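S.K.: Would you mind keeping the following structure in view while I ask a few things?
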Amino acid sequence: MHVFIYLYKILTFLVLPVGLTSVALIGICFYAWRKKLSLKYVLTFVTLFLYLCSNPFISHILLQKLEKEYIPSPTVQGDLIAVLGGGALNGTPDIEADGGSLGGGSMNRLIAAIRLQKRLHIPIVVSGEDPETAKAKEIMLDLGVLPENIIIDDQAHTTVMNAEHIAAICAAEGFKKPIIVTSAYHMPRAVLCFKQVGIMSFETFAVDYQTDFSDSSSYNKDMFVWLPTLGALKNTTTAVREYMGIAAMQLQWL
């Protein structure tokens, strides 16, 4: 049975895009070195770069470092729940006739915000773009959040704009301590954005975790963790984008 599982994983790896591309590049590299082609160094660099970016072990380390920076507290307190938008899908089937749905990250953020609202009995502001914000409001109403506890900001196109608009809402409505709700990997950059716009008193509630916190040592036991995957490439891309955003904001303060 174990042999069958291993064979299945190996065959699956060989036919999926990342695996097939990796094997092809390795073959091309061997050919280039054997024939002493001038492109051999470039091909080797590209192959190694692709492998490192799509390696599950490396992507896990890069992403989890971000996710561990702000661990949510079950006793979090504040006077406003600030949900940062994460995107939506238009035209998809839904229980409502107008269709559309929130992306996975957006839904995780919203559900966490609704659960917090049920415990703390404070308003929720959803900051993002329409139709995501409209769908979020629809879902909140369906799940029992009262209209007077819903604030919608549908003009924020970036994380900096999320922070600016929420800061303006806090100033206008008298909120003193917002609870920032966003994906765990996104929280470090979001915190910098809120500090940049002058909000220094806030709480964080990270959600939508992409890495497993239970046993990182399993990455040293499973041989298949060293095979490149599309999921790992996606996670590495997400992590690098966040690190670049953080670096760009820090450079602005120099």
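The values are calculated or read from the model by the stated rules, or taken from the named source; none is laboratory data. Source: prediction; values computed, not measured. Please note: Cβ atoms are built from the backbone with ideal geometry, for glycine as well, and neighbour counts cover all protein chains shown.
S.K.: Between a residue in the range 1-26 that is within 21 Å of residue 47 (Cβ to Cβ) and in contact (Cβ under 8 Å) with a residue 60 or more places away in the chain and any residue that is among the hydroxyl-bearing types (Ser, Thr, Tyr) and not in a loop (DSSP other than H, G, I, E, B), which pairs come within a Cβ distance under 7 Å, given they are 6 or more apart or on different chains?
M.R.: Taking only residues 6 or more apart or on different chains, the pairs are 22/51.
S.K.: Restricting attention to the range 159-208, and to residues there that are touching a Cys at 6+ places or on another chain (Cβ under 8 Å) and farther than 19 Å from residue 105 by Cβ, which single residue is surrounded by the fewest Cβ atoms within 10 Å (Cβ to Cβ)?
M.R.: 176
S.K.: Step by step: first the residues of the range 159-191, then only those that are touching a helix residue (DSSP H, G or I) at 6+ places or on another chain (Cβ under 6 Å) and outside any strand (DSSP E or B), then the one that is nearest to residue 87 (Cα to Cα). Which residue is that?
M.R.: Ranking the candidates gives 159 first.
S.K.: Could you identify the single residue in 7, 16, 48, 43 that is under 15 Å from residue 229 (Cβ atoms) and either at pLDDT 80 or above or not β-branched (Val, Ile, Thr) (or both)?
M.R.: Exactly one residue qualifies, and that residue is 16.
S.K.: Tell me yes or no: at least one residue of the range 94-111 is β-branched (Val, Ile, Thr), under 21 Å from residue 167 (Cα atoms) and at pLDDT 90 or above.
M.R.: no
S.K.: I would also like to ask the following. Under 8 Å between Cβ atoms, which residue pairs at least 6 apart in sequence (or on different chains) link something in the range 155-180 that is in contact (Cβ under 8 Å) with a residue 12 or more places away in the chain and under 18 Å from residue 206 (Cα atoms) with a partner that is assigned to a helix (DSSP H, G or I) and of a type in the set (D, E, K, R)?
M.R.: That search, which allows pairs on different chains as well, returns 159/189.
S.K.: Just one of 174, 78, 100, 91 is in contact with a Ser or Thr (Cβ under 7 Å, 6 or more places away or on another chain) and of a type outside the set (A, V, I, L, M, F, W, C); which is it?
M.R.: 100
S.K.: For the range 7-29, give me each residue that is more than 30 Å from the chain's Cα centre (by Cα) and surrounded by 12 or more Cβ atoms within 10 Å (Cβ to Cβ).
M.R.: Within the range 7-29, 26, 28, 29 meet the criteria.
S.K.: Being over 14 Å from residue 143 (Cα atoms) and either acidic (Asp, Glu) or within 20 Å of the chain's Cα centre (by Cα) (or both) is the filter here, so list the residues in the range 109-128 that pass it.
M.R.: 109, 125, 126, 127, 128
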